[in-house]
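Take a look at the structure below.
None of the figures in this text is laboratory data; all of them are computed from the coordinates on show. Since this is a predicted model, take the numbers as computed values, not measurements. All Cβ positions, even for glycine, are placed from backbone atoms using ideal geometry, and neighbour counts span all protein chains on display.
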Amino acid sequence: MTPALPPPDPVEPKEYAMTRKPHFAALALAGMALVTCATQATPGFAQDRPGPGGSTVEVSNQGQEVYEQICQACHMADAKGGGEPGAMIPALAGNKNLADKDYPIIVVMKGRGGMPWFNGVLTKEQIAAVITYVRGHFNAYPDPVTVADIDRVVAADPPVPECNTCGH
Amino acid sequence: MSDVFTPPTRRALLTMIGKAGGAAALYQAMTVLAHAADSQFTGPPRLSGARPGSTVLVLGAGLAGMLAAYELTKAGYKVQILEFQGRAGGRNYTVRGGDTITEIGSKQQVTFAQGNYLNPGPWRIPYHHRTVLHYCKELGVQLEPFLQINHNALIHNRKAFGGKPQPYRELMVDWKGHVSELLGKSLNAGALDTAVTAEDKTRLLEAMREWGVLDKNMQYTKSFKLGEQRGWERVPGGGVNGAPIPNDPFSLTETINSGVWQTLGFFAEHVMQTTMFQPKGGMDHIGKAFQARVAKMIRFNTRVTKIAQDDKGVTAAWTDTKTGATGETHADWMVCTIPAPVLNQIDFQASAQKKAAIRALPYGNSVKIGLEMKRRFWETDHAIYGGISFTDQAISLISYPSAGCFTDGPAVLLGAYPFGAGAYMLAGMTPEKRIQAALDQGSVFHPAEYKAEFLSGASVAWNRMPWILGCCANWTEESRAAHYQNLVAMEGRIVLAGEHCSYYGCWQEGALLSSIDAITRLHQRAMAA
Ligand SMILES: Cc1cc2nc3c(=O)[nH]c(=O)nc-3n(C[C@H](O)[C@H](O)[C@H](O)COP(=O)(O)OP(=O)(O)OC[C@H]3O[C@@H](n4cnc5c(N)ncnc54)[C@H](O)[C@@H]3O)c2cc1C
C-alpha cells in the first residue's frame, strides 16, 4: 500500500509575481522611447522567440510611416483588411468607428480580440501620428489626434469596446 | 508473478502511485524522487472504457486537436475532426519546393530544391519537453540535434564596432573578462567589504582571476591563456610558425554596446538550453505522424462558423471553403482547439466569462523567411555549422541549418525570425520585398556571399495566415489572473485546448499538455454523466 500523497501545491511559482506587467496607465505615462516587444511581457515560461534583436528596431515618428511599418502588417496596404467571414482582419478604410477618435485610441492602447496592445511598443507620439493618418487618409476625419487626447483617454481608462465586428 | 521480496524499482513504484493516486500524486511523487521536476508530463493519458457509442467532435487538426483525437479514440470514443485548412498540423508546419504559401493578400510558390525546407513555425524542441519527445518516440518521428549555440556565429549591433559583426565567442569571453576585472577592482578597493566576508573576498578574487582570465595585476589583457578562450591573431600550428599569437580583447565600451549579455541571458533560459532537437526533414513530421493515426477522422477545408450545446450534445456549424456548402456536425462532447483570434469571431454559445477570456487574448506576430543559397558558404568559407547569428535589425537573426553539414548543393538558411516591431515591418511588405529586405539586412554577416549565392526565398507572416491571424497567445500576469481558469474550465460538454490554454505559451509542449489535461477532464465528466 502506498500512503496517499498530498496533491501538488496549487500556488503559482514565484516568478509570476516578479515579472513586468504592461499596466495600461503606468506604461503609457512612462512614454517609453525604447520599442520593446509586447510578448516580453508574458509572465512565466519564455515563449519560443528570436531573442535579443529585431524587436528593438526603431519605428518612424511620421504617421504614414508608422502605418506602413506596423499597422499594414495586418490591416494591409490599402487598409481594407482581409480574411474570410469568421476569421477577418478588420478594415480601417471607411470604418465608421473611427469617427470617435477615442475608439482607435482605446484599441491601440489596450488591444482588442486578436490585436495586441501597442502601448510600450509605440510611443504616444507615434500612436497619435498614426491614428491621425488613418482617420484622415483612409477616412474623412481630418481633425488630428494629439498626445493630449491619448493622455485624456488613458486617465479615463474606459473598457475596450465589446463588439465582434467593430471593424467591418 | 512478481517477486514480493524484491524492492520495487523506481518505475514500478511510480506506476503503483499513479494507479492509486492519479496523475497529481504521481507528479508529486516523481518530483519528490527528483525525477521529473522539469516537466509536468506524467505519461500519455491512458484513458479507457468510454461509454459505447459516445462521440467527440474536435475542432482544429493542429497538434492539440490530433492528440485529443488519437487518445480519445484509444479510450473508445468515436471522434470526428473539423479542420479549416486542406492540411493537418496547424502551426506545426514545414514548407518545401512545390508548396504554395497562402497568406491573406498574397500567394507564394516555393521553389526550394528537393530535401530543403523552412520551418515557419516551431523549429526546436528542448530536451525537457517530454510530452513532445514522448509522442515523437511513440509515433516514430526521428529526431536529430538542433544546433542551438554556435560560438563561431556572429553578433551584430549597429551601435557597436562601426556595425561590424563579431564572433559570439570573442564577445562572450570579453564580457566575462571585463566584468571580472571590474568586480576585482571593487573588491580590492574595499567597496564590497560590507557585503562579503574576508574569506569570500579572497576566494572571489581568485575566481575572478581564473574565470575572467585576468593577468597577475587583475587586468583583462591579451595573453596566451586568453587566446585559448577567445581565439588568436595567429592560431597554433606546426613547425616553424607553430607558436600562436594572441590578439587584443575588445574595449569594455564596445563589448557593452554589442549587447552580448542579452545573448548570454537568452541561452541561459531553461527553454533555450541544450540539448535541443528537431525532427529530421522538417518539423511537420510530428503533425504527419499524428495525422497518420487520425487521418480518417478529419474533414478538411471545413471552417467552423458556430458552436452550440444543450444538455444532450454539441453542434458545430461549418462552411466548406472549397464548395461553399454549409453543414452541421453533432456529437456528445467537444474539444475546441481553434486559436483565440478566430474563436473570438465565431458565434460561440458559452458563458460571459469564457467569452471575455477568449476576447482578452491577443496574439503576437512573427515572420520567418527562408533563403535558399547555392552552397553552404557559411560552412566552407566561415566554419559556421548551425547555430544563430543575431542582429538588431528587423530580421533579428539568421540561423544556419543544423542538418546536412558538409553536403554540397543548395541549402536553406533561416533569413529572418523577428517578433515585435521587426515582425510587423517585414509582414507588411510584399513577399518579394521581404526577401529583398532579408538579403539586404542579412548581408551584414556575410557580405561577400549573401546576395551572390542567393537562389530563392519563401516567407510566412503569421498574422496573415487566414486560419490563425497571429503567432501565439500573449498572456500577461493580469490577464492570466482574470481569465486563465475561465478559459480552460470545461463548460457543459465543451472544453478548450491548445497552446493558448497552457502556461507553455508558444511551445508545442503547451499545446500537447493542454490537450492531455482537457481530454482527461472530458473523459471524467463523460464517465460521470
Ligand atoms: C513562429 C513560431 C515559432 C514557434 N517555435 C516553436 C518551437 O521552436 N518549438 C515549439 O515546440 N513550439 C514552437 N511554436 C509553438 C507551436 O507551434 C504551437 O504551440 C503549437 O503548434 C500549437 O498547436 P495547437 O494545436 O494549439 O494550435 P494550432 O496548431 O494553431 O492548431 C489549430 C488548428 O485549428 C484550425 N482552425 C482555426 N480556425 C478554425 C475554424 N474556424 N474551424 C476549424 N478549424 C479551425 C487551424 O487551421 C489549425 O489547424 C512556435 C510557433 C510559431 C508561430
Return the aspartates and glutamates within reach of B:K451: Cα separation strictly under 18 angstrom, same-chain partners fewer than 8 residues apart disregarded; answer none if there are no such residues.
B:E372, B:E379, B:D381, B:E432, B:D440
nm² value of the averaged projected area, convex hull over the Cα atoms of the stretch B:158-258:
7.7
Ellipsoid equivalent to the stretch B:311-351 - semi-axes via the Cα gyration tensor, in Å
19, 16, 9
Which links in B:K322/B:K354; B:K107/B:K433; A:K101/B:K354; B:K107/B:K306; B:K74/B:K288; A:K96/B:K354 stretch past 20 Å when you go from one Cα to the other?
B:K322/B:K354; A:K101/B:K354; B:K107/B:K306; A:K96/B:K354
List nothing, just return the count: lysine pairs in the stretch B:135-250, 8 or more apart or interchain, with Cα separation under 24 Å.
15
How much FRET efficiency would the formula 1/(1 + (r/R0)^6) give for B:C405 and B:K433, where r is the Cβ-Cβ distance and R0 is 22 Å, rounded to 0.05?
0.10
List the pair-distance distribution P(r) of the stretch B:315-412, using every Cα-Cα distance, as the percent of pairs falling in each 10 Å bin from 0 up to the bin containing the longest distance, rounded to whole percents.
11, 26, 17, 16, 22, 8, 0
Volume in Å³ per residue [convex hull over Cα atoms, computed for the stretch A:62-118]
92
Eligible lysines near B:K312 by straight Cα distance, threshold 17 Å, same-chain separation 8 or greater
B:K78
From phi via Karplus (6.51, -1.76, 1.60), per-residue ³J(HN,Hα) for the stretch B:455-460 in Hz, x at Gly/Pro:
10, 7, x, 8, 9, 10
Among B:Y117, B:H129, B:F84, whose Cα lies farthest out toward the positive end of the dipole of the stretch B:84-162, if unit charges sit on the beta carbon of Lys, Arg (+1) and Asp, Glu (-1)?
B:H129
Taking r as the C-beta separation of B:R299 and A:A93 and R0 as 30 Å, the FRET efficiency to the nearest 0.05 is 0.25
Counting pairwise Cα distances across the stretch B:415-516, what percent come out greater than 23 angstrom?
47
Taking every DSSP bridge whose two residues both lie in the protein assembly as shown, the antiparallel percent to the nearest 5 is 70
Roughly how many debye, to the nearest 20, is the charge dipole of the protein assembly as shown about its Cα centre, given +1 on each Lys and Arg Cβ, -1 on each Asp and Glu Cβ, and no other charges?
1440
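Normalised by the empirical 2.2 N^0.38 Å for globular proteins, what value does the Cα Rg of chain B take?
Details: Rg = 26.8 Å, N = 529, 2.2 N^0.38 = 23.8 Å.
With N residues counted in chain B, Rg over 2.2 N^0.38 Å equals 1.12.
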Full extension between B:W261 and B:H151 adds, at 0.36 nm per residue less the Cα distance, a length in nm of 38.2 nm
Which one of B:W333, B:V444, B:S515 is farthest out on the positive end of the charge dipole of the protein assembly as shown, using unit charges on Cβ (Lys, Arg +1; Asp, Glu -1) and the Cα centre as origin?
B:W333
Nearby aspartates and glutamates by direct alpha-carbon distance to A:K80 (threshold 20 angstrom, same-chain neighbours under 8 apart not counted)
A:E65, A:E68, A:D100, B:E103
Rounded to the nearest Å, the spacing of the alpha-carbon centers of the stretch B:84-161 and the stretch B:469-513 is 23
Of B:T94, B:V58, B:L187, farthest towards positive along the dipole that unit charges on Lys, Arg, Asp, Glu beta carbons give chain B:
B:V58
Given 0.36 nm per residue, what is the gain on full extension from B:S106 to B:K164 after removing their alpha carbon distance, in nm?
17.4 nm
Once you put a point 7 Å from the Cα of B:T197 and another 7 Å from the Cα of A:H137, both along the Cβ direction, what distance in nm separates them?
6.6
Using the basic label-point model (7 angstrom from Cα toward the beta carbon), what is the B:T380 to B:R234 distance in nanometres?
2.9
Report the rotationally averaged projected area of the protein assembly as shown based on its alpha-carbon convex hull, in square nanometres.
37.7
Scattering profile of the stretch B:347-456 at q = 0.18, 0.22, 0.23 Å⁻¹ [log10 I(q)/I(0), Debye over alpha-carbon scatterers]:
-0.83, -1.15, -1.23
What is the spin-label model distance, in nm, from B:H330 to B:A189 if the labels are put 7 Å beyond Cα along the C-beta direction?
8.0
